[in-house]
Each structure stands twice: as C-alpha cells, then as structure tokens.
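As structure tokens, the structure follows; a few thoughts come after it.
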Amino acid sequence: MTDLAQGLRLRDDFPGVGDWHYLDSAATAQKPQAVIDAIARAYGADYATVHRGVYERSANMTLAYEAARRKVAQFIGAASDAEIIYVRGATEGINLAAHSWASTQLKAGDRILLSTLEHHSNIVPWQIVAEQVGAQIDVVPLTQDGCIDLDAMAAMITSAHKMVALAHVSNVLGSVLDCRRAADIAHGVGAKILIDGCQAVPRIAVDMAALDCDFYVFSAHKLYGPTGIGVLWARQELLEMMPPYQGGGSMIDKVTFEKTSYAPAPTRFEAGTPHITGVVGLSAAIDYVQAIGLDAIHAHECALVAKARSALEDLNSVRLFGPDTSAGILSFELQGVHPHDVGTILDEGGVAIRAGHHCAQPLMNHLGVDATARASFGLYSDDSDVDALVQGLARVRKIFG
Ligand SMILES: Cc1ncc(COP(=O)(O)O)c(C=O)c1O
C-alpha cells in the first residue's frame, strides 16, 4: 500500500501547507522538506560549480548534477540522458524547440497545429516562428467536454503541417490528451509533435518511448521542485540537427575569432553556469514523488476532483468546466460572481484558489468567459481541502445573494 492509499498526512512533509487549504498546485506546487533540505545542502556544505573545477567538491557537484540528468531520463523513460536538456522551465523549453528546431526547419507555406486549450507558452513561441518563416497556425478544436478533439485533428492535418504542439494535461480543464494517438496522427503526415507536459508530469506517469512524441517539456516547480529549472526532452537525432539556442561558456568545443565549434547535445544547449542547486532540487523532487508513486498520486487527485465536482454540482448555479475525468484540476464559475471575488472571499476562509484567464485567453474565449475560478490539487491535498472549498463557496453565495 502506498502512503496515499494508507491516508498518511503527506501534507506534514510540506512546511508551506500546514492547515492552509492550498488549491493552486497547478500554478506552482509546495515543496517537501526533503527538497528544501537538498537545496540548502547544495547551497551550503556541498556548494561548488560544475564541469570546470579541478577540486574535489566541484567534481562531486558535477557527479550529482549529471546523476540528476540520468534520474530525469529514467523518470520520463528517455532513451538516453543526452536527450535531457536543462532549461529554466517549460516556457524556455518550448522557446528552445521553436527557435532551434522549427525556425530552422520550417519554411514559408508550412503549417503549425496547436489546440484551443493551449497555455500562452505553447502559443506565442510558435507565433513568433510562424511570423519569422512565413508559416501559418491552425487550431484543433475541443470536444464538448473540453478534450483536444483528435478526430478533428485527424481530419484537418495535412502534409503542410510540420509541427504539432499540444498540452498533455490542460492547466484549466485538467483534460488528458491521448498523446500516443496524437503522435500517430502527426507522424502520419510527417509532422513532429511537441507535448507540453507541465501539468502532466506532476500527475501521471510518463514514458517517452510509449508516448512516441518528438519533444516533451516540463517545469520542476510544478513537480514539487524549485523554480528556475525544467526539462526539454527531444529525440537525439533532432537535437543533433538543432543549432545552439544561446551562445556562451560551456556550450563550445573550440572558440577562435575566426570560427567556433560547438559541443554535442545536451551541452550545446546549456550555455553559461547552470542552475546547479535547481538541478539538485529537481533530483530530490523526483525521489520524493517516486517514493509515493505517480499512479497513487493520480488516483488520489482524481478522487479529490470527483468529490469536488459532485459537491459543487450540488451547489446552486455553479458551472463546471472540463471532463469528469480531469487530472487534479477543476475550473468552475459561480454564476453572477466574478472569479476574483470568489477567490478573495475564499482566501478569507483560508482557501487559496486561482482566478483569472490562466494564461489561456483563447480557451476563455471558447468558453465564453473572461476568467474562471480554478481549484487544483497536489499530492498533499485531502478531503478537508474540498470541504473547505465547498463551505467557502456557500459563504460566497450567501454574500452575493
Ligand atoms: C500547461 C502549461 N504549460 C506551460 C506552462 C509554463 O510553465 P512555466 O511558467 O513554468 O515555464 C504552464 C504554467 O502554468 C502550464 O500550466
């Protein structure tokens, strides 16, 4: 039995949670003490630079830094740790793929396929590339319950589409993409597919070989790790054809004023002194999550969403967005009350939700709202959080009549 199945209070591992009803884990997850301690050690007794030092502590830090890369590779089922590029987060990972792969491989007349529910970080970098090269963007619609409509995708994709970029789990609706089917459809016309795994990696087990995508990105801070560090995974053969994203120290083979040659991937894409302590924190976060098990985390969060959905349905005039099966994320609207007012009143009762457009304005347009209220769960969430949310919403209703 896992800790979650035994009902252990994992929230006690998180000094930032306590008795607070933190329902904003999709924005950023709280950190377990084990991660905080690992970062403190990395900044304290273990601190040194990586890759350059000739002294023992630097050699040890380099070992830890590269061991973390192997851990990430194993965690997401990558074929090799050379396919793991450390980036600042999902946003930088998508920008890197857009800049180094798409802007060099796409030409005028090519097309890029996105979906209605994408986060702005999986829209804007593609718009920048499209403008640079003269490509066009098409948008896959959603099914009635807020999933990316793969039948529609199969019907609209053509051989002009060279890149498809889709979210694995929607940050607003919690809907889960059938990545394998999306990859098969993309590959059927020769397109590459990037999956934005920002909301998936903390919630469901992922395996690059099984998903069969070409690029995958995520951020450590949503996976109970630190901010400022994330991962771009890409197939080795794609990385080999990609020019550097940024120039500087570390990423070179040889520099002269006449010509510079570059290191192979992943080093070619990691210019400058890296986020050493961030990588150590990411490694500790993966250890923490793996000890619990992603299947247990997923089941736990789905149960909380199901409980919250059914309780909210019993309240008057609540509109729920997204499918019944959403992964740990529930957006809703209390009719007649702006989500910001909902969030402010809930906060008075110690319940923290997110209210706004969630960096998904095209999705808000599609839903016909300016904003939604969003409750998102983490592995530390429990029934008391759902109860506090429901009580808080009853209070909002009372105040607004
Ligand atoms: C689905 C999705 N994609 C991308 C991002 C961007 O992540 P970051 O800000 O960590 O780069 C987020 C963050 O909210 C997200 O939810």
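Within segment 331-339, not a single residue is in the same structural domain as residue 382 (by TED's automatic domain parsing), of a type in the set (Ser, Thr, Tyr) and open to solvent by 50 Å² or more (accessible area, probe 1.4 Å).
For segment 187-232, the candidate set comprises residues that are away from the ligand (no atom under 15 Å from the Cβ) and in a strand (DSSP E or B); within that set, the residue that is nearest to the chain's Cα centre (by Cα) is 193. Of all residues in segment 1-48, those being polar (S, T, N, Q), part of a loop (DSSP other than H, G, I, E, B) and either modelled with pLDDT of 95 or more or in contact with a Phe, Trp or Tyr (Cβ under 6 Å, 6 or more places away or on another chain) (or both) number 3. When segment 77-97 is examined, which residues are found to be under 26 Å from residue 243 (Cβ atoms) and away from the ligand (no atom under 16 Å from the Cβ)? Within segment 77-97, 78, 79, 80, 81, 82, 83, 84 meet the criteria. Only one of the listed residues (63, 106, 96) is outside the structural domain of residue 332 (by TED's automatic domain parsing), crowded, with 19+ Cβ neighbours inside 10 Å and without any contact (Cβ under 8 Å) to a residue 60 or more places away in the chain. That residue is 106. Set side by side, the residues 272, 293, 328 differ, and just one is under 15 Å from residue 385 (Cα atoms) and not hydrophobic (A, V, I, L, M, F, W, C), which is 328. The one condition from (1) assigned to a loop (DSSP other than H, G, I, E, B); (2) surrounded by fewer than 14 Cβ atoms within 10 Å (Cβ to Cβ); (3) assigned by TED's automatic domain parsing to the domain that holds residue 204 that residue 74 does not meet is (1). Of all positions in segment 53-71, none carries a residue that is at positive phi and either within 20 Å of the chain's Cα centre (by Cα) or acidic (Asp, Glu) (or both).
Screening residue 51 on (1) at pLDDT below 95; (2) part of a helix (DSSP H, G or I); (3) surrounded by 16 or more Cβ atoms within 10 Å (Cβ to Cβ) shows it passes everything except condition (2). The condition of being of a type in the set (S, T, N, Q) and open to solvent by less than 40 Å² (accessible area, probe 1.4 Å) holds for only one of 317, 283, 250, 310, that being 283.
Apart from one condition, residue 118 fits all of (1) charged (D, E, K, R); (2) within 16 Å of the ligand (Cβ to nearest atom); (3) part of a helix (DSSP H, G or I); the exception is (3).
The residues of segment 153-186 that are in a loop (DSSP other than H, G, I, E, B) and either within 16 Å of the ligand (Cβ to nearest atom) or at pLDDT below 95 (or both), listed by number, are 168, 170, 171, 172, 173, 174, 175, 177.
Among the residues of segment 253-274, which ones are open to solvent by 60 Å² or more (accessible area, probe 1.4 Å) and closer than 17 Å to residue 66 by Cβ? Across segment 253-274, the qualifying residues are 264, 273.
The values are calculated or read from the model by the stated rules, or taken from the named source; none is laboratory data. On a predicted model such as this, the values are computed, not experimentally measured, just so you know. For neighbour counting, all protein chains shown are included, and Cβ atoms are generated from backbone atoms with ideal geometry for every residue, glycine included. Just so you know, the surface numbers come from the protein's heavy atoms only, side chains and all, with ligands and any DNA or RNA stripped out. Shrake-Rupley method; radii C 1.70, N 1.55, O 1.52, S 1.80 Å.
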